[in-house]
Each structure stands twice: as structure tokens, then as C-alpha cells.
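Participant: First, the structure itself, so that you have it in front of you.
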Amino acid sequence: MTVAAKKLESVLRVKSEIMRAAGEYLRKEGFVEILPVILSPVTDPLHHETYDGKIDYYGRPYQLTKSMILHKQIALRTLPRILAFSPNVRMEPEERAPLRRYLAEFVQLDLEVRDATRDEIIAIGEGLFIAVVKAVLENCAAELESLGRKLSVPAAPFERITYQEAVEQFGKHYDEALSSSLSGPAWLIDFPRTVREFYDKEDLSRPGILLDMDLIYPEGYGEALSGGEREHTLPRILRRLEQDNIPPERFAEYLRVVEEGVPASAGFGIGIERLTRYICGLDHVRDARLFAKVPGEVDAI
Ligand code: ASN
């Protein structure tokens with residue numbers, strides 16, 4: 001076995017443990033795992049441009065899932081707490097490749113909780129992260145050793161920084177500088193409406209500010225997850241679509257269900273390859289999975 005193959009084996013064993021431990025932690029917290037959606041007439045519009053994965057089916061455009069956010073809200077009509085290991089296809093432009101944390105195909109552990117607040121979902125995120133790090137330290141000591149990775153268990157609650165503070169301190173492209181400045185994972189909260197998608201809930205007592213968050217890894221590894229409380233009423237969602245210049249017809253199927261009623265909720269999605277990259281201390285997210293597709297590269301299998 002080559003050194004590279006041996007390294008990949010260690011990474012994939014750690015990744016398998018991450019997924020096992022995350023599922024176990026969430027099940028103990030009352031979550032039920034649902035199967036992911038791959039194909040739908042609606043998906044996350046995202047705030048940044050990607051090439052659309054469109055498939056024509058009986059003359060109707062279906063899209064490959066960019067994130068399961070809209071389906072998570074709908075699933076909460078049936079179950080109060082859900083998780084899914086959700087494959088996402090985001091055909092990012094080549095300019096993102098140098099950031100070393102984008103893949104055109106990746107998996108996020110997506111979860112959503114009926115009637116939850118952002119504080120409640122942040123506490124679940126901290127518990128999940130700590131449980132995963134502990135499990136890897138306990139069950140993958142040999143793999144971490146062979147990867148030369150030293151990890152410590154962070155203490156909750158994690159530090160919180162507002163978007164405005166991050167921009168004041170590190171500028172608009174705060175990402176890498178903020179992450180490099182941290183000694184442990186930290187929450188970035190209160191994004192402005194103009195930089196996020198329509199489904200993150202606006203704090204009506206602070207118009208223009210959202211009740212959402214990212215988790216940022218330390219050591220320059222950048223963004224770990226995104227989530228927040230959700231807009232769930234038809235008038236609010238229509239208003240947000242209008243503010244984002246998105247024609248409501250684009251989300252007709254979703255809006256029909258919203259009109260029938262979807263519950264208030266909060267949740268997040270944490271990228272499994274990025275989490276594996278951080279835990280294993282890998283230079284590039286491509287080293288955190290088999291069959292990695294880096295934006296701009298066309299020869300991947
Ligand atoms: N999964 C994220 C969320 O729950 C959405 C995303 O990935 N864009 O908010």
C-alpha cells in the first residue's frame with residue numbers, strides 16, 4: 001500500500017466514525033433519520049451562483065439537490081426532530097477551487113427541529129460537535145496518530161461573534177482571517193438579510209438582521225455549518241422572495257405546502273467532508289472523500 005493510500009484509509013475510517021457518532025448522538029436527542037431527497041422541482045436557491053443541475057423529466061425541469069432545507073421544513077409536518085445525511089450537488093465555479101474547501105458533490109448532515117429557537121439549535125450543535133470529537137479521540141486514536149493530528153475537546157458554550165464584528169475586524173472577506181484567529185470553534189451570528197437566503201428568519205425587532213448562524217472552525221479551516229431559525233409563513237416567505245427578486249413561480253410546489261402550513265423550526269447542515277478535513281487536519285477537502293470533484297476539474301470519476 002502506498003503512503004497516500006494508507007493515509008486515505010485512515011481518513012475514511014475516521015469519517016465513518018464521525019458519521020456513526022453523530023447519528024448516535026442525535027438519536028439519543030430524539031432525532032429520527034430520514035432518507036435524503038436527490039431530485040425535486042425545488043431546491044435551495046443559495047446566495048451565490050452555481051451551475052444548475054437540471055434534468056428534464058416529462059417536460060418538467062427537476063433539479064439536483066443543493067440543500068434539503070425546504071424538504072426539511074416539510075418533513076417536520078410528520079416528525080418533530082429529523083436528521084438526514086444529504087448528498088448535495090453544487091457545481092461551483094472554478095474561482096472557488098483555491099479556497100480548498102469546495103466540492104461539486106458533498107454530503108451534509110442536515111437536521112431540523114420543530115418550534116426550536118436559535119439558542120436551542122446552537123446547544124445541539126455544540127453537543128454534537130463535542131460528542132463527535134470525543135468519539136474520534138476514543139475510537140480512532142491509531143488513525144489520528146498516523147495522520148499526525150492532535151485534537152482537543154472544546155468546552156461549551158462556544159464563543160459567539162456577530163457578522164458585523166467579524167467584518168469590522170477582518171473585512172468583508174473575513175472567512176480565513178477569522179478562522180485563523182480562533183483557538184476553538186466559534187459561532188458567527190446575525191447575518192444581514194442581504195447576504196443570506198430567503199428561508200433564514202428575520203428578527204423583526206431588528207429589521208434586516210437574521211436569526212441565523214455559521215459555525216467557524218479554528219486553525220484557518222473556515223466555515224463548518226450554516227443554519228438558523230426559519231421563515232415559515234406564506235406572507236413572510238413571499239416578502240423575502242420579493243426582496244431577493246426571486247419569482248414565486250420558481251417555488252410553486254414549496255409555496256403550495258407552506259400555504260397548507262409548515263411548522264416554525266430551526267436547524268442546520270454540517271458538511272461531512274469539511275468536518276472530516278478539520279478532524280483529520282487535511283490540507284484540502286478533496287482528501288476527505290473518495291471520488292472528490294473539485295470545481296473546475298473535469299476528469300474526476
Ligand atoms: N443546510 C443549511 C441549513 O440548514 C442550508 C444550506 O446548506 N445552504 O440552513
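The values are calculated or read from the model by the stated rules, or taken from the named source; none is laboratory data. It should be emphasised that the depicted structure is a prediction, and the values quoted were computed from it without experimental measurement. Methodologically, a virtual Cβ is constructed for each residue, glycine included, from the backbone with ideal geometry; neighbour enumeration extends over all protein chains shown. Remember, those area values only see protein heavy atoms, side chains included, never the ligands or the DNA or RNA. Shrake-Rupley method; radii C 1.70, N 1.55, O 1.52, S 1.80 Å.
Participant: The chain: longest stretch without exposed trypsin sites (Lys or Arg not before Pro) (DSSP loop, at most 15 other Cβ within 10 Å), sites themselves excluded?
Facilitator: Value returned for the longest uninterrupted segment is 173-301.
Participant: Using the Cα centre of the stretch 3-288 as origin and beta-carbon charges of +1 (Lys, Arg) and -1 (Asp, Glu), tell me which of 282, 8, 272 is placed farthest towards the positive end of the dipole.
Facilitator: 8
Participant: Further question: Relative contact order for the stretch 154-301 using alpha-carbon pairs under 8 Å, separation at least 6, rounded to a whole percent?
Facilitator: Across the stretch 154-301, relative contact order equals 17 percent.
Participant: What lysines could a cross-link reach from residue 7, if we take a straight Cα to Cα line under 24 Å and drop same-chain neighbours fewer than 8 places away?
Facilitator: 15, 134, 150, 293
Participant: Given an 8 Å cut-off on Cα distances and at least 6 residues of separation, report the relative contact order of the stretch 189-263 as a percent.
Facilitator: 26
Participant: Could you tell me the distance between the Cα centroids of the stretch 164-195 and the stretch 32-47, to the nearest Å?
Facilitator: Their Cα centres are 27 Å away from one another.
Participant: Taking the solvent-accessible surface of protein heavy atoms with a 1.4 Å probe, what is the per residue accessible area of the stretch 3-288 in Å²?
Facilitator: Working: 13020 Å² over 286 residues.
Using a 1.4 Å probe on heavy atoms only, each residue of the stretch 3-288 averages 46 Å².
Participant: Cα axis of helix 234-243 to longest principal axis of the chain: angle in degrees, 0 to 90, nearest 10?
Facilitator: The two axes meet at around 80 degrees.
Participant: Sticking with this one: Which angle between 0 and 90 degrees, to the nearest 10, do you get for helix 118-139 versus the longest principal axis of the chain when only C-alpha atoms count?
Facilitator: For helix 118-139, the angle is close to 20 degrees.
Participant: Order 1, 213, most accessible first, counting only protein heavy atoms with a 1.4 angstrom probe.
Facilitator: 1, 213
Participant: Moving on to the next point. Can you give the Rg and Dmax of the stretch 155-301 based on its C-alpha atoms, in angstrom?
Facilitator: That works out to 17.7, 50 Å for Rg and Dmax.
Participant: Let me ask something else about it. I need to check one value: relative contact order of the chain, counting alpha carbon pairs closer than 8 Å and at least 6 residues apart, in percent.
Facilitator: 22
Participant: What Kirkwood hydrodynamic radius, in Å, does the chain give when the mean of 1/r is taken over all pairs of distinct Cα atoms and then inverted?
Facilitator: 19.9
Participant: Carbon and sulfur: what percent of the chain's accessible surface (1.4 Å probe)?
Facilitator: C and S atoms contribute 54 percent here.
Participant: Could you tally the net charge around residue 98, taking each other residue with its Cβ under 13 Å from the Cβ of residue 98, Lys/Arg +1 and Asp/Glu -1?
Facilitator: Neighbour charge sum, excluding residue 98 itself: -3.
Participant: What's the magnitude of the charge dipole for the chain around its Cα centre, counting Lys and Arg as +1 and Asp and Glu as -1 at the beta-carbon? Answer in Debye, nearest 20.
Facilitator: Approximately 560 debye in magnitude.
Participant: Mind checking the angle between helix 3-28 and the chain's longest principal axis? C-alpha axes, 0 to 90 degrees, to the nearest 10.
Facilitator: 50
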